[in-house]
Number of protein chains: 2
Amino acid sequence: MARAVLFDLGGVLLKPGLQHFLSACERDWALPGGFLAAVLDAGGSQSPWSRALRGHIGLSQLLEELDERCRARGRSQGVAIPEGFSASRPFRELRERGRLDPRLLSAATRLRGHGFKTCVLTNTWVDDTSWRSLTAALQEQLRRHFDLVLESCRIGMAKPEPGVFSYALEALQARPQEVIFLDELEENLGPARELGMATILVRDTESALRDLQELSGIQLLGQEEALPAPITPDEVAHGYVTIRPGVRLHFAELGRGAALCLCHGFPESWLSWRFQMPALAAAGFRVIALEMKGYGESCAPPDISEYSQEQICKDFITFLDKLGIPQVILVGHDWGGAMAWNVALFYPERLRAVAVLNTPFRPPDPNSDVLERLQRIREFDYQLYFQEPGVAEAELEKDIGRTLKILIRSSSPEDRLPFDLDFHRVRERGQEPGNGGSLGIWGSPGVWGIPWDLGDPGNGRSPGIWGILGLGDPLGFGGFWE
Amino acid sequence: MARAVLFDLGGVLLKPGLQHFLSACERDWALPGGFLAAVLDAGGSQSPWSRALRGHIGLSQLLEELDERCRARGRSQGVAIPEGFSASRPFRELRERGRLDPRLLSAATRLRGHGFKTCVLTNTWVDDTSWRSLTAALQEQLRRHFDLVLESCRIGMAKPEPGVFSYALEALQARPQEVIFLDELEENLGPARELGMATILVRDTESALRDLQELSGIQLLGQEEALPAPITPDEVAHGYVTIRPGVRLHFAELGRGAALCLCHGFPESWLSWRFQMPALAAAGFRVIALEMKGYGESCAPPDISEYSQEQICKDFITFLDKLGIPQVILVGHDWGGAMAWNVALFYPERLRAVAVLNTPFRPPDPNSDVLERLQRIREFDYQLYFQEPGVAEAELEKDIGRTLKILIRSSSPEDRLPFDLDFHRVRERGQEPGNGGSLGIWGSPGVWGIPWDLGDPGNGRSPGIWGILGLGDPLGFGGFWE
């Protein structure tokens, strides 16, 4: 029974593979077909190529030696090495133009979700070149998507050496019969098959997925639109900032680039953003999912004045100060959205942009009594229910597990709490889903409020967030970035 | 007895002030001298200027209204408003060209170090313009340097309204007689003096410092080369990453921009970098001061294999993965330097650059027995002393306070532990300070090792680090950045 899958990288997960770029360079430089591959392969286990794959030399040195050998081979075979020739070009292009196959990546995520261990097993080199940042980005992405990334240059052995496969089995804690191995080279599959692994020779994605589906018993074809994998608490950094004595805020952090702060609503936590965090980090943002005051690992001071919008906004500015971040992109949902609007109003300097899900902008009205208005419109009645200290606490704490389940998961009429969250009420009214929430976008120099379907608030998978950040958004929000 | 100081911003801490840019624009646009200031001042407390200073309108609206009023005044006075005129220009130039006065900033830091509360008290506006990021950077810098930053637009009152000063006294928890107030406008000083504050009319930095020195009783002149203020644990964010079950690393974090990771030596902690962290953050780096495995709030697993260089380097890569950071600038000192060199050797992809203090690069030599070598050269004898489990623990834990004090602070011959750290031994040998350590710099494409004076290791105030990062470094390290 299969329970682990080994994926080759170049030509399988990453396309096209090195061979494609070698051939393209040969054509461009009018070299005989196979000239570069022949130089790579010449010399057996002591060749520069073989030494690089086992990590004995780095890519810089490999390229230097290849350059020399190409020129020597050119001289001995009467092949003209053109002006501008450099052995580094196909290696650099591999990094610049190679792309991870989204269908195979999605299949790996799906298998992992079904309990399979997933592993990249690749013949590769230590990249110490000036374009190594591209390799770093690839490595970081692979290490996020797979349980294990085994690189020949860091284990000192290369496929098809049988030792590689024993190493992989040991690392996976699996028996050969439990492993499926995908590679584009038949010569690499042989030793794995001999050990007892199931193997797939990868010609194209479609047939590879079909074989993998059959061997794993997991539906993979037609599943390419799978949800992105959510992040778990152990997969991110957890930060803590002391705002002042007795007031400490917790946040989860992932990624590098422009700081983007996510503020959840009621009754949620930073974990509400678990689907968005990895996607936003991959899109180039440093994501800071703040746990709001009163929730989770952030403090919950008893003094009610701690929860005024004025104090919460001031605390947020201090939070940025202590992180040393002058400006942030602020994304709020529900009550987090209310704070986002207020920060935008009173501290616009500190925001590069603000996006709010499900909380339309309402200009503050000093002449309106909020509580009176709530009582009149009978919406958000949980806010009224919470006014009498002790009542809600007693009822909700009777069975905290049930309370949380109903609050966050359930919308069935049988599971009812003594109050309604707004989205329940909206459903009861039979409103169209498109009117269930609204999306507001603010940038310099104005304010917009746009109706938007939030889907199911509380499940953390709102489509809105993608649009807001210009990741394939018809609104073209990118135009508002400074 | 003075114990708090209020500093005006524009024209005092920040130079030049708005008046300078108004005058320069008037000259450029061939407007009568004082034309712009007259438009600003016209209309009293209901003027756009006055409303902006009290936060009733933002800067965008102020500039729109000023534009209109300038044109109206031009028409009524027969003054030609030139093509390209915009009231926003002096306000934008103020942010683009205004600089904090380093001598006054240093004096404020010094006063703060002597227990004075320091406060910025400024008439200013909410900046919602497209250049608000410049204002954000200024605000963040001020809020880091001063105990309190009071902005008229956020307290709803502007100098010289007496309420401003009562507000400041309340916020500082001080009596007027305990406060010194510096402003460049005599009209702002009046009400403060009437309350009982000591006031300084600021004409130039030199005489302002002289007056401030006299009133505070603190030596301020000739002290401009003061050390930068170190950061305290509560002034930064603290992060935690679970590398794998049972292994958790702690770090302190400050700043935004390219990630820069600081790795301390033995026997230290992240706090060793308390002087460098704020300076590096101000220089545009996101500083991550890692607490190494075995120290402080990071875990100290008992299994000795956890401390192999191989495992420590692997853990560091996982640390970067979980933070979602593909590449980092890695700075190591002492044992942290050893790790930095090894990460550079085995995972160069993940480093944008590496800089090492006090640990020369020694290529790994598989034929050399490290322990045998240590015994032969009799250097670093603490490493030998630590080999027998239990011995060092018993002795050092007899009086942990004394042990730590001697390890970190003392170099007197009376305070001795049963072993020598290398820098003690170097001193005993009477070597020149310049040979006490060495600085290695590695970037693409080579390796350098440069002798460098570390000063007193363990005090966290090495001059070397400044040089490494190209902050006024004769080595011109900046040239190695990609």
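The values are calculated or read from the model by the stated rules, or taken from the named source; none is laboratory data. All of these numbers come straight from a predicted model, not from anything done at the bench. Heads up, the Cβs are rebuilt from the backbone with ideal geometry, glycines too, and the neighbour counts pull from every protein chain shown. Remember, those area values only see protein heavy atoms, side chains included, never the ligands or the DNA or RNA. Shrake-Rupley method; radii C 1.70, N 1.55, O 1.52, S 1.80 Å.
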Short version: which residues of the stretch A:263-287 lose at least 10 Å² of accessible area, all chains versus chain alone, 1.4 Å probe?
A:ARG286
So with the 1.4 Å probe, I'd like the accessible area per residue for the stretch B:174-303, rounded to whole Å².
39
What are the nm distances, shortest first, from B:ALA24 to its equivalents in the other copies, labels at 7 Å along Cα→Cβ?
5.0
Using Cα pairs closer than 8 Å and at least 6 residues apart in sequence, work out the relative contact order for the stretch B:1-160, in percent.
34
Leaving out ligands, DNA and RNA, what percent of the accessible area of the stretch A:269-316 is carbon and sulfur, probe 1.4 Å?
59
Return the carbon/sulfur percentage of the accessible area of the stretch B:1-71, one whole number, probe 1.4 Å, all protein chains in place.
51
Once Lys and Arg are counted +1 and Asp and Glu -1 for all other residues with Cβ under 11 Å from that of A:ALA168, the total becomes +1
With Cβ to Cβ distances under 10 Å as the rule, what net charge do the other residues near B:LEU182 carry (K, R +1; D, E -1)?
-4
Just checking the output field for A:140-147: average partner chain Cβ neighbours within 10 Å of each residue's Cβ?
3
Straight distance only, please: which lysines reach the Cα of A:LYS398 with their own Cα at less than 29 Å, same-chain residues fewer than 8 apart left out?
A:LYS293
Label distances, nm, B:GLU187 versus same residue in remaining copies, Cβ-directed 7 Å point
8.7
Probe 1.4 Å, heavy atoms of protein chains only: per residue, the accessible area of the stretch B:317-396 in Å² is 44
Can you work out D for the stretch B:1-152 in µm² s⁻¹ from Stokes-Einstein, where Rh is the Kirkwood radius over C-alpha pairs, the temperature is 10 °C and the viscosity is 1.306 mPa s?
95
For the stretch A:249-260, Karplus-derived ³J(HN,Hα) couplings (6.51, -1.76, 1.60; θ = phi - 60°; whole Hz; x for glycine and proline) come out as 10, 10, 8, 9, 9, 7, x, 9, x, 4, 5, 10
Over the stretch B:323-383, one equal point on each Cα, no solvent: what is log10 I(q)/I(0) by the Debye formula at q = 0.25, 0.28, 0.30 Å⁻¹?
-1.06, -1.18, -1.24
Per residue Cα convex hull volume in Å³ - calculated over the stretch A:1-50
110
Find, among the residues of chain B, the one whose Cβ sits nearest the axis of the rotation taking B to A; state the distance in whole Å.
B:GLY239, 2
Under a 5 Å amide H to amide H cut-off, with H placed in plane at 1.01 Å, what residues pair with A:LEU330 once short-range neighbours are removed?
A:CYS261, A:ARG352, A:ALA353, A:VAL354, A:ALA355
With the label set 7 Å along Cα→Cβ, A:ASP365 is separated from its counterparts in the other copies, in nm and shortest first, by 8.2
At the level of C-alpha centres, the distance separating the stretch A:103-162 and the stretch B:150-220, in angstrom, is 62
At a 1.4 Å probe, which residues in the stretch A:317-359 are at least 40 Å² less accessible with all protein chains present than in their chain isolated?
A:ASP321, A:LYS322, A:LEU323, A:GLY324, A:PRO326, A:GLN327, A:PRO348, A:GLU349, A:ARG350
Karplus-derived HN-Hα couplings along the stretch A:73-83 (A = 6.51, B = -1.76, C = 1.60, θ = phi - 60°), whole Hz, x at Gly and Pro:
5, x, 4, 6, 9, x, 9, 6, 8, x, 3
Principal axis box of the stretch A:160-294, alpha-carbon based, largest edge first, Å:
64, 34, 27
To the nearest hundred square angstrom, how large is the accessible surface buried between B and A, total for both chains, probe 1.4 angstrom?
4100
Tell me which lysines have Cα within less than 20 Å of B:LYS15's Cα, excluding those fewer than 8 residues away on the same chain?
B:LYS159
